[in-house]
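To start, the structure itself, in structure tokens.
The values are calculated or read from the model by the stated rules, or taken from the named source; none is laboratory data. Please read these numbers as outputs of a predicted model, since none were measured by experiment. Here the Cβ is made from the backbone with ideal geometry for all residues, glycine too, and neighbour counts use every protein chain on show. To get the accessible areas, we keep the full protein, side chains included, count just its heavy atoms, and leave off ligands, DNA and RNA. Shrake-Rupley method; radii C 1.70, N 1.55, O 1.52, S 1.80 Å.
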Amino acid sequence: MKKQVLHFLFFAAIIIFISACASRPGISSRKFKDYIAESPVFKTNFTGFALYDTRLDEMVYTYQGDKYYTPASNTKIFSLYASLKLMGDSIPALEYTVQGDSLLFTGTGDPTFLHHDITDLDTTYSQHVYNFLKDYDGQLVYVPRPTEDRYFGPGWAWSDYNFYYSPEKSVFPMYANVVRFNFKEGFNKPLVSPDFFTSYVEGFPDPKAPYSVFRQQHENYFSYAPKDDTLSFERDVPFIQSDRLVARLLSDTLKRNVQLMQPKLSVQDSFPVFTYKLYSLPADSVYKRMMQHSDNFFAEQLLMTCSSVFQDTLSTEWTIDYMKEHYLNDLPDEPIWRDGSGLSRYNLQTPRSIVALLRKVGEELNDERIKDIFPAGGESGTISSWYPNPEGSEPFVFAKTGTLSNKSALSGFIYTKSGKKLIFSFLHNNYITSTTPLKKEMERILQDIYLNY
């Protein structure tokens, strides 16, 4: 009798367990198929999707999740993860040493120095590096640092040199490597920042010119089209970086002489040993701007800064290779990763690999930091106008967008109404419409997942 009771209890437990699994809240695979594969919106392009349940530790659904797509700015998720793994809680700003009464210093690639919008990041640290250099009691000597990076990344559009989203990469960025033009109501001539470039700016007579401000492709000479004096607007135009310009800009900004160290043989042979390191902003404030504003400049420079932690030569390629060998070798599909920002169309990723990457990001960031750094649906960043909570309460989607012509992406985290945490990746390529229909369809799907999973 005792054995019979035990057998009964054992089988009863199995039945209860199976019933619980079968009745767990969720959306059926059939419904996902209806959503994705049969969507009239997605049928006009190539779409990949993957959804992962962190509690169950399993992929709930994929549709063409193993296919490669151009991820656009979803590449910044890779840059975020590299920064989380290779840097500490603050961004390295300078490396320096003292020789006699001279302070020899070099750059790390830190994108924040004299950034026009630095107060948006952290007012406490906004003048930290500037004051360190300005207040040094002795001669300042800028030492150019070796780098393997060119001013543009591989696969970038060369004709974008005049646009704010394509500033040059450099070892010692200043002012985000752009000149800011402020057109004010009542003034026909713009205010120029930094002031150094004022003498390199002139008006041109055609107010119908295609650009309000235009830089010559190979020189730092700028022209602007006079506008109606009732218009107020702002334009950022990249300038051409050089070691000589860094020393001149620093001298002009600090109001003191900054010498440029000229290498004797090659930069590598004459590069001094630096004893100290100075840090700038808390890392999370920089990551937040990169992710929420989809800041290409921050993403590119952070990969260069990561390499500064390990070697003298700054190299985006080194950082990418190091990450692929040590931290990304277990992704479902090999990442084809060429730059930090996603401007390169050489980048290729699969939805299931981006989901796996976000799992790794989730191991580095708790929920509070995820919700602070990633754009929040209906509230902040690049999705402030999309993916709101259908019940009007706090955001449920925290995700990174990506957009190039005919390419769109959205990947991140979903916190469902039932309290579950999901990871998802949408990648769309080769559509010929605007992105609005895609966003509306993704919004409908994500809101249904939030309500019903």
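Apply 1/(1 + (r/R0)^6) to the Cβ-Cβ distance of GLN259 and ARG55, taking R0 = 60 Å, and write down the FRET efficiency to the nearest 0.05.
Plugging the Cβ-Cβ distance into 1/(1 + (r/R0)^6) gives 0.50.
For SER102, what residues show an amide H to amide H distance below 5 Å, using hydrogens built from the backbone and excluding near sequence neighbours?
GLN139
Test of understanding: given the chain, find the longest segment containing no trypsin sites (Lys or Arg not before Pro) that are in a DSSP loop and have at most 12 other Cβ atoms within 10 Å.
265-453
Run the quick spin-label model on ASP66 and ILE432: label points 7 Å from Cα toward the beta carbon, then report their separation in nm to one decimal.
Placing both labels 7 Å along Cα→Cβ, they lie 3.1 nm apart.
If you roll a 1.4 angstrom probe over the protein chains with everything in place, what fraction of the accessible area of the chain belongs to carbon and sulfur, to the nearest %?
After summing per-atom areas, the C and S share lands at 50 percent.
How much length would be gained if the chain were fully extended between TYR211 and LEU451, taking 0.36 nm per residue of separation minus their Cα-Cα distance, in nm to one decimal?
81.8 nm
If you place +1 on the Cβ of every Lys and Arg, -1 on the Cβ of every Asp and Glu, and leave all else neutral, what size is the dipole of the stretch 337-398 about its Cα centre, to the nearest 20 Debye?
480 debye
If each of HIS218 and ASN131 carries a label point 7 Å out from its Cα toward its Cβ, how far apart are those two points in nm?
4.4 nm
Against the longest principal axis of the chain, how steep is helix 351-364, in degrees 0 to 90 to the nearest 10, with axes from Cα atoms?
It is inclined by approximately 80 degrees.
Once the piece of chain linking ASN182 and PHE46 is laid out straight, how much longer is it, given 0.36 nm per residue of separation minus the C-alpha distance between them?
Here the segment from ASN182 to PHE46 would lengthen by 44.9 nm.
Note the angle between two axes, namely the Cα long axis of helix 2-22 and the longest principal axis of the Cα atoms of the chain, as a number of degrees from 0 to 90, rounded to the nearest 10.
Roughly 50 degrees, rounded to the nearest 10.
Short version: ³J(HN,Hα) in whole Hz for each residue of the stretch 173-189, in order, from phi by Karplus 6.51 cos²θ - 1.76 cosθ + 1.60 (θ = phi - 60°), x for Gly and Pro, what are they?
Coupling constants for the stretch 173-189: x, 9, 6, 6, 6, 9, 9, 9, 10, 10, 8, 10, 4, x, 10, 7, 9 Hz.
What is the Å³ per residue value for the convex hull set by the Cα atoms of the chain?
189 Å³
Counting only heavy atoms of the protein chains, get the accessible area per residue of the stretch 293-418 (1.4 Å probe) and round it to a whole Å² value.
37 Å²
Past 31 Å, Cα to Cα, is the threshold; run LYS67/LYS420; LYS169/LYS440; LYS85/LYS169; LYS134/LYS371 against it and keep the listed order.
Beyond 31 Å: LYS169/LYS440; LYS134/LYS371.
Would you be so kind as to identify which of THR350, LEU303, ALA176 lies farthest towards the positive end of the dipole of the chain, taking Lys and Arg as +1 and Asp and Glu as -1 on Cβ and the Cα centre as origin?
Of the candidates, THR350 comes out farthest on the positive side.
Per residue of the chain, what 222 nm ellipticity follows from adding -39500 (n - 2.57) for every DSSP H run with n ≥ 4, rounded to the nearest 500?
Per the formula, -9000 deg cm²/dmol.
Zone of TYR276 (label point 7 Å along Cα→Cβ, backbone N under 15 Å): which residues in the stretch 84-115?
93-106
I'd like the Kirkwood hydrodynamic radius of the stretch 148-203, using the inverse of the mean 1/r over distinct C-alpha pairs, in Å.
13.3 Å
If the chain between LYS417 and TYR151 were fully stretched, how many nm would it gain, using 0.36 nm times the residue separation less the Cα-Cα distance?
The span from LYS417 to TYR151 would gain 91.1 nm if fully extended.
Quick check: the angle from helix 283-292's long axis to the longest principal axis of the chain, C-alpha only, nearest 10 degrees?
Result, in degrees: 70.
Over what distance in Å are the Cα centres of the stretch 327-346 and the stretch 290-317 separated?
If you average the Cα positions of each part, the centres end up 15 Å apart.
Which is the longest stretch in the chain that no exposed loop site breaks, taking sites as GluC sites (Glu not before Pro) with a DSSP loop state and at most 11 other Cβ atoms within 10 Å?
220-390
Using only C-alpha atoms and all pairs of different ones, pull out the Kirkwood radius for the stretch 273-395 in Å with one decimal.
Computed over Cα pairs of the stretch 273-395, the Kirkwood hydrodynamic radius comes out at 16.4 Å.
In Å and from the alpha-carbon atoms only, list the Rg and Dmax of the stretch 63-157.
Calculated on Cα positions, Rg and Dmax stand at 18.3, 64 Å.
Which far-off residues, 5 or more places away or on another chain, put their amide H under 5 Å from the one on TYR61, with H placed in the peptide plane?
LEU51
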